[in-house]
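**Q** Below are the structure tokens for one structure; questions will follow.
The values are calculated or read from the model by the stated rules, or taken from the named source; none is laboratory data. What you see is a predicted model; the values in this text were computed from it and never measured. Neighbour counts are summed over all protein chains in view; Cβ atoms, including those assigned to glycine, are modelled from backbone coordinates with ideal geometry. SASA here: full protein model, heavy atoms, side chains in, ligands and nucleic acids out. Shrake-Rupley method; radii C 1.70, N 1.55, O 1.52, S 1.80 Å.
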Amino acid sequence: MEISSVELVNIVTKLNAQLSPPEGQYYLSNIYSIFTETFLFRFHHSSLPDRALIISPRRGLWITKYKIEGTSSVGYVTSMRKLLGRGRFVRAEQPSGERICIIVFDTPSGQRSLICEFFREGNLIVVDSLSMILSCQRGVSVRHRTISPGTDYLPPPSRGMSIFDLERI
């Protein structure tokens, strides 16, 4: 079952509230693979409890209170660690009506974004501040866009109007 754009609005709001408290932002301390294509992002704060974010491109993303041990650090995890490691959480955002979550980090190498696409097989894509793809979990080449390192990130064509953009008559 895929996550809907309406559900994602609430999740993004909660991510911003929990990872960007008044005491200051959390930073990404580590990334682990916990299941096939499911990743655990550990966030640390100097004075608040640590947070754990699970991202599964096929299912969604959520903050968990449970202690989960990472199982490996091979494959795409290594790439994400290299590009996002020690990055300070800036914000999470969602393009209107889309099943996409963009998590923005301030890293030692500049601003980077993790784009989480929650449709079809799902995908995790790391882009720089100019939206050039630095790394992707899964390469894609379809009629309207190409997802591969070194190309510019283009979102998929819009599927219609967001329910939140409708006006009451």
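**Q** When you scan the range 50-61, do you find a residue that is part of a loop (DSSP other than H, G, I, E, B) and either free of Cβ contacts under 8 Å to residues at least 12 places away in the same chain or of a type in the set (Val, Ile, Thr) (or both), even just one? Before the answer, list the steps.
**A** Filtering the range 50-61 for residues part of a loop (DSSP other than H, G, I, E, B) gives 50, 57-59.
Filter once more, keeping what is either free of Cβ contacts under 8 Å to residues at least 12 places away in the same chain or of a type in the set (Val, Ile, Thr) (or both): none.
Checked against the condition, which is being part of a loop (DSSP other than H, G, I, E, B) and either free of Cβ contacts under 8 Å to residues at least 12 places away in the same chain or of a type in the set (Val, Ile, Thr) (or both), the range 50-61 yields no hits at all.
**Q** Within the set of pairs 6+ apart or on separate chains, which have a first residue in the range 12-35 that is small (Gly, Ala, Ser), a second that is open to solvent by less than 50 Å² (accessible area, probe 1.4 Å) and part of a loop (DSSP other than H, G, I, E, B), and C-beta atoms under 8 Å apart?
**A** The qualifying pairs are Ser20/Tyr26; Gly24/His45; Ser33/Gly70.
**Q** Going by what's in this entry, would Val90 be described as in contact (Cβ under 8 Å) with a residue 60 or more places away in the chain, of a type in the set (Val, Ile, Thr), in a strand (DSSP E or B) and open to solvent by 10 Å² or more (accessible area, probe 1.4 Å)?
**A** On the way: in contact (Cβ under 8 Å) with a residue 60 or more places away in the chain: yes; of a type in the set (Val, Ile, Thr): yes; in a strand (DSSP E or B): yes; open to solvent by 10 Å² or more (accessible area, probe 1.4 Å): yes.
So Val90 fits the description; yes.
**Q** For residues in the range 26-49 being in a loop (DSSP other than H, G, I, E, B) and at pLDDT below 90, which is farthest from Ser96 (Cα to Cα)? Explain how you work it out, then say what you get.
**A** Taking the range 26-49 first, the residues in a loop (DSSP other than H, G, I, E, B) are 26, 36-37, 45-49.
Now drop any that are not at pLDDT below 90, which leaves 36-37.
Values: Thr36: 29, Glu37: 26 Å.
So, considering only residues that are in a loop (DSSP other than H, G, I, E, B) and at pLDDT below 90, the one farthest from Ser96 (Cα to Cα) is Thr36.
**Q** Within the range 107-116, can one find any residue that is among the charged types (D, E, K, R) and part of a loop (DSSP other than H, G, I, E, B)? Break it down stepwise before answering.
**A** To start, the set of residues in the range 107-116 that are among the charged types (D, E, K, R) comprises 112.
With the extra rule that they be part of a loop (DSSP other than H, G, I, E, B), the set shrinks to none.
No, that holds for no residue.
**Q** Please determine, by comparing only the residues of the range 31-77 that are open to solvent by 70 Å² or more (accessible area, probe 1.4 Å) and hydroxyl-bearing (Ser, Thr, Tyr), which one is nearest to the chain's Cα centre (by Cα).
**A** Let us first name the residues in the range 31-77 that are open to solvent by 70 Å² or more (accessible area, probe 1.4 Å), namely 35-36, 46-47, 49-51, 58-59, 62, 65-67, 69, 71, 74.
Still in the running and hydroxyl-bearing (Ser, Thr, Tyr): 36, 46-47, 66, 71.
Numbers: Thr36: 17, Ser46: 23, Ser47: 24, Tyr66: 20, Thr71: 20 Å.
That would be Thr36.
**Q** Which residues, counting only those in the range 118-147, are open to solvent by less than 20 Å² (accessible area, probe 1.4 Å) and either in contact with a Cys (Cβ under 8 Å, 6 or more places away or on another chain) or at pLDDT 95 or above (or both)? Quick ask: steps written out before the conclusion?
**A** Kept after step one, since they are open to solvent by less than 20 Å² (accessible area, probe 1.4 Å), are these residues of the range 118-147: 118, 122-127, 133, 135, 145, 147.
Phe118, Gly122, Asn123, Leu124, Ile125, Val126, Val127, Ile133, Ser135, Ile147 - these are the residues of the range 118-147 that are open to solvent by less than 20 Å² (accessible area, probe 1.4 Å) and either in contact with a Cys (Cβ under 8 Å, 6 or more places away or on another chain) or at pLDDT 95 or above (or both).
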